[in-house]
Every structure is written in C-alpha cells, then in structure tokens.
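Below you'll find the structure, written out as structure tokens, and then a few comments.
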Amino acid sequence: MSIQLLRSWVQLSAPFTCLLTVLSFGTVLPSAQAKPSPFDTVSTESSEVSQELFVSSTGSDTNAGTSINDTYRTITQALKQAGPGTTIYLAPGQYTSATETFPLVVPAGVTLQGQDAGKGQNVVIKGSGQFISSWWGRQNVTLLAGKESHLSGLSVTNPSSRGTGIWIESANPTIENCTFTDSLREGIFIAGNANPTIENNHFQGNSANGLSITGNGQGMIQNNVFQDTGFGISVGDQATPQILNNHITQNAEGIVVSHSAQPMLRGNRITQNKKNGLVVITNAQPNLGTQESPGNNIFQENGKYAIYNATVDQSFAMSGNKISGEALLSPTGPTGLSADTPVIQPTADAPVALKTAPVPDSSSIQLQVLQKRLEKSPSVTFEGKTYILKDSVLSSQTPQ
C-alpha cells in the first residue's frame, strides 16, 4: 500500500474523530484513550503482540497480510491465520457479506482493532450468520467473541431478523470504544457464564435491547451510552453484572431486571426514558446502594416511574441515589410492561398497585422503609410527610 493511499485514509477518517463526543441532548461523553494503529502511521513496529495482521478493502486474500503494503482483503481470512496474541488491524472501510463470511469468530486471545477515535465510525462491520448457542439455540450473529479476545474501535450492525451484533458465551472478552447501531435485536448478548468487560461504547437504535445479560453472566458494564432502543439494558436469569457510570437515556425502558438477577448499579444516569427508568420483575433484587456503598445513581425525567418494583414479594437495597419523579414501591403491583414491549417477561397476578407521591431529590431516602410501612397501615408518616392510601392510590398530604 502506498504512503499516499495511507494518508488519504487518515484524511478521510479525521472528520469522524469527535462525532460521538457530544450527544444531541448535550452530554459530554468520557474521552477514551485512543490506541495507535499502524493504519494511522507509517511505522508498523510493535513489541506488545506476537503477530500482526492487516486488512483493507484494497488488499487481497492471496497476500501475506503482514504489513500495510501487503494486506488481506477480508477479516475472514485474517481470522483464519490468527492465533493467541495476534492483533488484526482494520483499515477504514465497509466489511459486509459481499466479502465476509459471518459470523466472524474472534478466537481466544486475538485482538480485532479498528479506530478508537470516533468509536469505529469509519470501520463498519455489517452482516449476519447463524450460530448455535448451547444456551439459546440458533441465533443470528455478526461477531462471536472468544476467551480473552479484545474488540476495539468497530461499528457493528446486524441487519437480519432478531440479529445480534456481538455474542459472548461463557467467555471474558474486552469490548471497548465501539458503536452498536441498528441491529434488529440487540447490540451485545451475554450468555452462559460469561464475564466480559464492556466499556466506553455507544449503543443506539437497536430494535430490542442495547445489551442483554442472561444465564449466570457477570462482567463489568461501565462508561457506556445506551440510547433510543427498546430496553437500554436487560438483565435476567441469575446474572450478577456490575453496571457502573453509564448513561441510559431516551429508550422505551431504561433498565429491566427480571427472574433472579442481582446486578449492582452504581453511578449511572438514567434519564428521559419514555416509560420507566428501572423496572424490577419476578424475584429480581438489584443492588442500587447501601449505607457502606451508596448507589449515586441519578433517575431524572423518565416518562412514567423512576423506579417500578413489579416483583411479587421482593425489596432491594437502594441507598444514596438521587430520584426525581414518581416511584412505584409496592412489591405486589402488576408488571406494568405493555403488550408492545420488545421482550416478553413473566407477569404477576396481584391487582393492586400503590402509587406514591412524587419523591423529592435526595441521596438519603430509604424507599424500601416506606414500602414496608405501607404493608401494615393505609396511613403512614415518613420523613415529615403523611401518606394516605385511598382507592388504591397513595398520595401525600401537607401537615396542617
């Protein structure tokens, strides 16, 4: 590849560097430290990996793929040659089913490196292929991430029906500085005993969920943006991920926690979701904060409830958050999820829902205390306010 062509790549990618730094609602995202790529510089020397491979749309799969002047044409070919410790560098371009064979399987210990600047807006992977999950059966998947693999600086879309961008099953990859957009189910699906790190990514416009965590999934989900999708984050089964410092905004539902899941939420901003900020279903028990470890989550300007406890009989820790809007606290309420919700969840049969008066902004309100008191009396006093239950509606009354 010529130096002139290399320079043209850099010039073409420059306008995208700050594309996702500021969202339409005015929030400045954390700036990820961009990793140098041989496609951004003439030098290709590296002492950190055992092998380097290179892919560009102007290359050929008959090439050696070992330099920017001798690139493979497809990611598919590079992955066939990659062993643990290999880094595959992708030039800006479109990697689609016209040339690639999907799903693309990133083996254990392999790094797939696009452009961190702009979260991969210039390195687009779009396609779908069938994968048989041992947990969920046949799936449509764009990328399958293996143990200790690393995916960075990519833009991923699965255009197939019920399509998933990246599937992670009982593996521990790191996925960072990527964009997940317009997949026809979710951006990332975590299954089995997976324990990934998902950080500094942007999820937008995926049909069902930004991120789904199932099985016994764990992992660190931090510093991401989940925007304009069905559920921003869906956590089910026995999953116990850490969900830290994310912005979850403008989705149908912000976070939905179901089954026996017990995620830990700290430092998240859950704002402007069309229905509810957080919905808790079945026997789920999210940890929103304790006195020893305050939640520091912010719930603001969500359409219906900031927090909707729709479990049958569960309460959960939620100390040290800022909550504006209304919260449905009764553990005996219905699910509150409408028929057009993109993920089917179990429902409870209890007919009565207790609606609280607006909850003031505070970092010390113990909502579960009020909940327990309401189970014993239709009129309770809590932090200077009297709450009266009448016709199944709970309202606050100003002291005389």
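Some notes on this structure:
- Of Lys80/Lys147; Lys147/Lys275; Lys275/Lys322; Lys274/Lys322, pairs whose Cα-Cα distance is over 26 Å: Lys147/Lys275
- Taking amide hydrogens as placed 1.01 Å from N in the peptide plane, the amide H of Thr101 sits under 5 Å from those of Thr76, each at least 5 positions away in sequence or on another chain.
- Taking amide H atoms as placed 1.01 Å from N in the peptide plane, the amide H of His150 lies under 5 Å from those of Val110, Thr111, Leu112, Thr174, each 5 or more residues away in sequence or on another chain.
- In the range 258-326, Cα pairs under 8 Å separated by at least six residues give a relative contact order of 37 percent.
- The range 135-218: relative contact order as a whole-number percent, Cα under 8 Å and 6+ apart: 27 percent
- Paramagnetic label reach from Thr101 (point 7 Å along Cα→Cβ; backbone nitrogen cut-off under 19 Å): within the range 134-148, residues 139-146.
- Tensor-based shape of the range 225-284 (alpha-carbon gyration tensor, a/c under 1.5 rounded, otherwise prolate or oblate): oblate
- Sites Arg138 and Ser293 - FRET efficiency at Förster radius 30 Å, r taken between beta-carbons, to 0.05: 0.15
- Each Lys or Arg adds one and each Asp or Glu takes one away; over the other residues whose Cβ falls under 12 Å from the Cβ of Trp135, this sums to -1.
- If R0 is taken as 60 Å, the Cβ-Cβ distance between Asp70 and Gln314 corresponds to a FRET efficiency of 0.50.
- Ascending count of other beta-carbon atoms within 10 Å, so fewest first, for Glu199, Glu169, Glu292: Glu292, Glu199, Glu169
Here, each number is a calculation from the coordinates, and none is a lab measurement. Keep in mind it's a predicted model, so treat the numbers as computed, not measured. Note: ideal-geometry Cβ built from the backbone for every residue, glycine included; neighbour counts use all protein chains shown.
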